[in-house]
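Peer 1: Below you'll find the structure I mean.
The values are calculated or read from the model by the stated rules, or taken from the named source; none is laboratory data. Not measured: the values here are computed from a predicted model. So basically every Cβ, Gly included, is an ideal-geometry build from the backbone, and we count neighbours across all protein chains shown.
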Amino acid sequence: MSKNTVILMFLLLLGAAHATGFGPEFKGDPASRTAANLFSLDAENQIPINPGLAGAWGVLGADSQGFLFDINDDLGFVFAAWFTYDPEPASASKSVGAEEQFWLTVYGPYDGVSADLTVGLSSDGLFASSVATGLSEVGTAQLSFSDCFNGSMSYSFRLPNGAEQSGVMQLSRLTPDSFCQPFVASQPITEVKVLYLGNEGVLVTDGNESVVLDGIGNYSNPWINVPVSTQNTIRDMNEPFDQVVAVTISHQHSDHFNIAPVADFINQNSASTLFVPEDTRSFFTALGSQVDGTSLNRFESSSRQLGGIKITTIETRHFNQFGFDFSGIENNVYVVEMAGKRIIHMGDVDYAADNFQAIVDAFEGPVDAIILPMFNTLVSQANAALVAEFFPDALIIASHIRAGNQSDLNNIQVHFPDAIVFDQPLMEVTL
């Protein structure tokens, strides 16, 4: 049986499961991913969508409304009857109203922890009639589950009369869980966290091994500084800096690292490797073999495996700002691969097609997240289009933002509206 045949069979079930009698989010505003709500994004800890989630689910805060989910893992397909009511109350000219059912379904593919669904509206149904009902695709929905008993669905659709409905609803399981929890427990841990330190510095970790990128030191104004308490934690190699296998420096500018604390950290951690551009390596000759000695020409790349982490280095061109020509400075872009995730730290990359082409040529497969510098003239519609062209599916993390500069934040909101904005130290994203 083909996938299309099964999907058609799902759609022919429209309304068949509809019946009244149900009882009993996205966290934060998805259009504004800044410090105020970023922690709640991490708190979701979504589980993989799986057949164990099939069954009846209620909508919190909307009694007698909910969903009946059917989840086909072989096809990666979700179908759900949506038990709800007409948005408008009954009137003299309109027989359908709050006391009548409203025939909606949601259906579509799922992959991993999320499902992108279509909202369907049924029409022309008659009791005990063989006449086929009509189906109109009126909008979209996104479904995810934080655990086997709680989920959320965002939705946006337009009714035939032009009325628009959109929002986010929290879902709560009504039927018993037979095998969702055992399924989730059997899955390998694949979470990777990106912890913001300051300026463009981050810690990337899977809980077992970590990499620090441009994150050791105290930077000068106007950049966002690494807090003194975090600097002390790094210096003392306390958690989460006790599992660092690599430290990377993108380029020689002092707003991305300080020589002394980097050297001290590598000296204390004999299991760690320092990656630096060739024109910055002379600062760390005393560290000997702990410094990666690979020499690259512009647009060349090399890869190195350190335990469970693969680091690919690509030499690119630095951007120009403030009237200075920085194009001669080596800027290393680092691709960190761990726990099945791929994160790219761009350093001060020049937003240019040749730079970006060299990056995508250095590896195969999808990109989960890219960490980009975003201030002043770097934030433009042309640069946003270039990022979308080369990294269409990657989560964009905006960093290297001038501290307290509202102009930078406003421009990011306009040109990179879906970006997560690192504008306060110790913000965290889970991939």
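Okay, residues lined up against (1) assigned to a loop (DSSP other than H, G, I, E, B); (2) at positive phi; (3) surrounded by 13 or more Cβ atoms within 10 Å (Cβ to Cβ):
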position	(1), (2), (3)
Ser229	no, no, no
Asn232	no, no, no
Glu239	yes, no, no
Asp242	yes, no, no
Val247	no, no, yes
Gln252	yes, no, yes
Asp255	yes, no, yes
Ile266	no, no, yes
Ser270	yes, no, no
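Peer 1: Within the stretch 355-398, track down each residue that is closer than 23 Å to Ile224 by Cα, of a type in the set (Gly, Ala, Ser) and in contact with a strand residue (DSSP E or B) (Cβ under 6 Å, 6 or more places away or on another chain).
Peer 2: Of everything in the stretch 355-398, those that are closer than 23 Å to Ile224 by Cα, of a type in the set (Gly, Ala, Ser) and in contact with a strand residue (DSSP E or B) (Cβ under 6 Å, 6 or more places away or on another chain) turn out to be Ala369, Ala398.
Peer 1: Give the residue, chosen from Ser210, Ser114, that is closer than 29 Å to Pro373 by Cα, crowded, with 16+ Cβ neighbours inside 10 Å and among the hydroxyl-bearing types (Ser, Thr, Tyr).
Peer 2: Result of the check over Ser210, Ser114: Ser210.
Peer 1: Collect the residues in the stretch 314-325 that are part of a strand (DSSP E or B) and either within 25 Å of the chain's Cα centre (by Cα) or surrounded by 20 or more Cβ atoms within 10 Å (Cβ to Cβ) (or both), keeping them in residue-number order.
Peer 2: Ile314, Glu315, Thr316, Arg317, His318
Peer 1: If you don't mind, there's one more thing I want to ask. Could you list, in sequence order, the residues of the stretch 117-148 that are at pLDDT below 85, surrounded by fewer than 14 Cβ atoms within 10 Å (Cβ to Cβ) and either touching a Pro at 6+ places or on another chain (Cβ under 9 Å) or of a type outside the set (A, V, I, L, M) (or both)?
Peer 2: Ser123, Asp124, Phe127, Ser129, Ser130, Gly134, listed by residue number.
Peer 1: For the stretch 166-182, give me each residue that is closer than 14 Å to Pro51 by Cα and either in a strand (DSSP E or B) or not hydroxyl-bearing (Ser, Thr, Tyr) (or both).
Peer 2: Within the stretch 166-182, Arg173, Pro176, Asp177, Phe179, Cys180, Gln181, Pro182 meet the criteria.
Peer 1: Suppose the filter is surrounded by 20 or more Cβ atoms within 10 Å (Cβ to Cβ) and in a loop (DSSP other than H, G, I, E, B); does Gly328 pass it?
Peer 2: No: the conditions fail for Gly328.
Peer 1: What pairs come up if the first residue lies in the stretch 286-305 and is of a type outside the set (A, V, I, L, M, F, W, C), the second is part of a loop (DSSP other than H, G, I, E, B) and surrounded by fewer than 10 Cβ atoms within 10 Å (Cβ to Cβ), and their beta carbons are under 9 Å apart, counting only those six or more places apart or on different chains?
Peer 2: Gln290/Ser270
Peer 1: Then there is this: Based on what the data block shows, is Gly347 touching a Pro at 6+ places or on another chain (Cβ under 8 Å) and at positive phi?
Peer 2: Criteria met by Gly347.
Peer 1: Working only within the stretch 376-431, note down all residues that are over 14 Å from Tyr196 (Cβ atoms), of a type in the set (Gly, Ala, Ser), part of a loop (DSSP other than H, G, I, E, B) and within 17 Å of the chain's Cα centre (by Cα).
Peer 2: The one that is over 14 Å from Tyr196 (Cβ atoms), of a type in the set (Gly, Ala, Ser), part of a loop (DSSP other than H, G, I, E, B) and within 17 Å of the chain's Cα centre (by Cα): Ala394.
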